[in-house]
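Everything on this sheet refers to the single structure shown next.
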Amino acid sequence: MNYEAFFNAALVQLKSEGKYRVFADLERCVGKFPFANMYFDGDKFPIVSWCSNDYLGMGQHPKILSAMHEALDKMGAGAGGTRNIGGTNHYHVMLEGLLGKLHQKESALLFSSAYVANEAALSTLASRLPNCMVISDENNHASIIHGVRSSRSDKVIFRHNDLEHLEQILQQADPARPKLIVFQSIYSMDGDFAPIREICDLADQYGALTYIDEVHAVGLYGESGAGISQMQGLAHRPTIVEGTFGKAYGLMGGYIAGPTNIIDFIRSFAPGFIFTTALPPAICAGAIASIQHLMDSEEERTKHQERVTAVKDALIKAGISFLDTPSHIVPIIIGEAHLCKQASHHLLTKHGIYIQPINYPTVPVGTERLRITVTPHHTDEMIDQLIVGLQDIWAILGLQRVA
Ligand SMILES: *Cc1c(COP(=O)(O)O)cnc(C)c1O
């Protein structure tokens, strides 16, 4: 085999389809969020980020930084082992306790990331529950898909947020069979919410467990930041909730929370939990500080929602259409990979506005988009500049405006 030719051809093909990914080389600056410097062609220039998943700018909150400094100075860099062999630090124990409290669940378990949490928890549950049937929303995240796939259990996909289809599947399944319904509270690329109450009602009616991914909601929604299920008074309904420290909490790492027996089972059987080094103490200390701050403070969430409304209003006024959902995610569909890349490139080089193009396979072909994420730190002036930039690019590329 000519390996060289194989790898080269695959990359050339990606490039010709406009799907080749180029990373923005950023230098985030503490105290200036959402400003950052970008390295490009040996140069460095300032940009405003409109696509960060650090949704509240907590990644540079002074309380978090000082908690991390303290843990680093007291306990050093790494955890020093897997959770089972010398790597469990008191911060892990405190953080898992805090997560149980946040989600009003009996227990919680940490993972290296939310990707790993989904992969490890779902593959373990679905492969070890005898003859398990996984019922999964068609728009679920790649980490969920991979977790379910690697379990090799039967899986049935229901149409996105379609309760009738979900019920049909449940009706047709053997009532005695274990069933696991997997869905997200917010779908990250469209920004829409799931009908949590109705899905949990169906689960109860047909004897299924539920697993909800609240990755894009934790810290942002609900009176103490526990997510959409808390905001809707439904925190007690899903069996297992999954979240991340990588988005609104501003760090990295993932977790699940749920009934003690299930969490203990996953702790005991999931290879993706067992055979990997535990999170560093400083990350856990930062996560504790971030969660605690956002449990007590409504300020960031209120300001966040106010800014989201301001951006949506400005887009409507400018005639730039977007998917209008109840969430903070504002997708502007471009519909073609090359065009989407060009729009992003012009915004960056002409206007210093950074919005990464989102192309296949993250979203379906034909729905390529600019996915704007708004934070409490985006000022009126930045919104004005965003609109000027978008209008200019829309004119250059001949994109449609609406009345
Ligand atoms: C980002 C994301 C994850 C993975 O989270 P990480 O902590 O970054 O690994 C999981 N689920 C969904 C829906 C996501 O968007």
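Every number here is computed from the coordinates shown, using simple stated rules; none is lab data. Since the model is a prediction, treat every value here as computed from it, not as a measurement. Here Cβ is always computed from backbone atoms with ideal geometry, including for glycine, and neighbour counts include all displayed protein chains.
Enumerate the pairs (first residue in the range 211-232 and free of Cβ contacts under 8 Å to residues at least 60 places away in the same chain and of a type in the set (D, E, K, R); second residue anywhere and within 11 Å of the ligand (Cβ to nearest atom) and in a strand (DSSP E or B)) with beta-carbon separation below 8 Å, excluding pairs fewer than 6 apart on the same chain, so at least 6 apart or on different chains.
If the second residue must be within 11 Å of the ligand (Cβ to nearest atom) and in a strand (DSSP E or B), the pairs left are GLU214/GLN184; GLU214/ILE186; GLU214/GLU242; GLU214/GLY243.
If I filter the range 160-169 down to residues being within 25 Å of the chain's Cα centre (by Cα) and in contact (Cβ under 8 Å) with a residue 24 or more places away in the chain, which single residue comes out as farthest from the ligand (Cβ to nearest atom)?
Out of the qualifying residues, it is LEU163.
List the helices (runs of 4 or more DSSP H) that sit entirely inside the range 270-347 and contain at least 3 residues that are crowded, with 19+ Cβ neighbours inside 10 Å.
281-296, 299-318
Taking the conditions exactly as written (surrounded by fewer than 24 Cβ atoms within 10 Å (Cβ to Cβ), at positive phi and within 15 Å of the ligand (Cβ to nearest atom)), does GLY191 satisfy them or not?
So GLY191 fits the description; yes.
Residue-by-condition table, conditions (1) aromatic (Phe, Trp, Tyr); (2) surrounded by fewer than 20 Cβ atoms within 10 Å (Cβ to Cβ); (3) closer than 21 Å to THR244 by Cβ:
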residue: HIS90; (1), (2), (3): no, yes, no
residue: HIS103; (1), (2), (3): no, no, yes
residue: TYR115; (1), (2), (3): yes, no, yes
residue: ALA121; (1), (2), (3): no, no, yes
residue: LEU129; (1), (2), (3): no, yes, no
residue: GLY147; (1), (2), (3): no, no, yes
residue: ASP154; (1), (2), (3): no, yes, no
residue: GLN172; (1), (2), (3): no, yes, no
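Given the structure, is ILE157 without any contact (Cβ under 8 Å) to a residue 24 or more places away in the chain, more than 13 Å from the ligand (Cβ to nearest atom), outside any helix (DSSP H, G or I) and closer than 30 Å to VAL330 by Cβ?
Values: without any contact (Cβ under 8 Å) to a residue 24 or more places away in the chain: yes; more than 13 Å from the ligand (Cβ to nearest atom): yes; outside any helix (DSSP H, G or I): yes; closer than 30 Å to VAL330 by Cβ: yes.
Judged against the criteria, ILE157 is a match.
Scan the range 198-232 residue by residue and report those that are of a type in the set (Ser, Thr, Tyr), surrounded by fewer than 24 Cβ atoms within 10 Å (Cβ to Cβ) and not in a loop (DSSP other than H, G, I, E, B).
Passing the criteria: TYR206, THR210.
I need a count of the residues in the range 194-217 that are out of contact with any Phe, Trp or Tyr (no Cβ under 7 Å at 6 or more places or on another chain) and more than 10 Å from the ligand (Cβ to nearest atom).
Here the count works out to 16.
Counting only residues that are away from the ligand (no atom under 16 Å from the Cβ) and free of Cβ contacts under 8 Å to residues at least 12 places away in the same chain, which one in the range 97-147 is farthest from SER185 (Cα to Cα)?
GLY97
Can you find a residue that is out of contact with any Phe, Trp or Tyr (no Cβ under 6 Å at 6 or more places or on another chain) and among the small types (Gly, Ala, Ser) anywhere in the range 36-43?
Yes, the range 36-43 contains a residue that is out of contact with any Phe, Trp or Tyr (no Cβ under 6 Å at 6 or more places or on another chain) and among the small types (Gly, Ala, Ser).
Report every pair of residues separated by at least 6 positions or lying on different chains whose Cβ atoms are under 7 Å apart, first residue within the range 170-197 and among the hydroxyl-bearing types (Ser, Thr, Tyr), second away from the ligand (no atom under 11 Å from the Cβ) and part of a strand (DSSP E or B).
From residues that are among the hydroxyl-bearing types (Ser, Thr, Tyr), the pairs are SER185/PHE193.
Which one of PRO259, PRO238 is surrounded by 24 or more Cβ atoms within 10 Å (Cβ to Cβ) and away from the ligand (no atom under 12 Å from the Cβ)?
PRO238
Show the residue pairs that are 6+ apart or on different chains and have beta-carbon atoms under 6 Å apart, the first residue being within the range 233-260 and closer than 19 Å to ILE329 by Cβ and assigned to a loop (DSSP other than H, G, I, E, B), the second being within 11 Å of the ligand (Cβ to nearest atom) and of a type in the set (S, T, N, Q).
Note: pairs meeting the criteria are LYS247/ASN53.
For (1) more than 23 Å from LYS350 (Cβ to Cβ); (2) not charged (D, E, K, R), each residue gets a yes or a no:
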| residue | (1), (2) |
| --- | --- |
| VAL12 | yes, yes |
| ASN37 | no, yes |
| ASP41 | no, no |
| CYS51 | no, yes |
| ASP54 | yes, no |
| GLY57 | yes, yes |
| GLN60 | yes, yes |
| LEU72 | yes, yes |
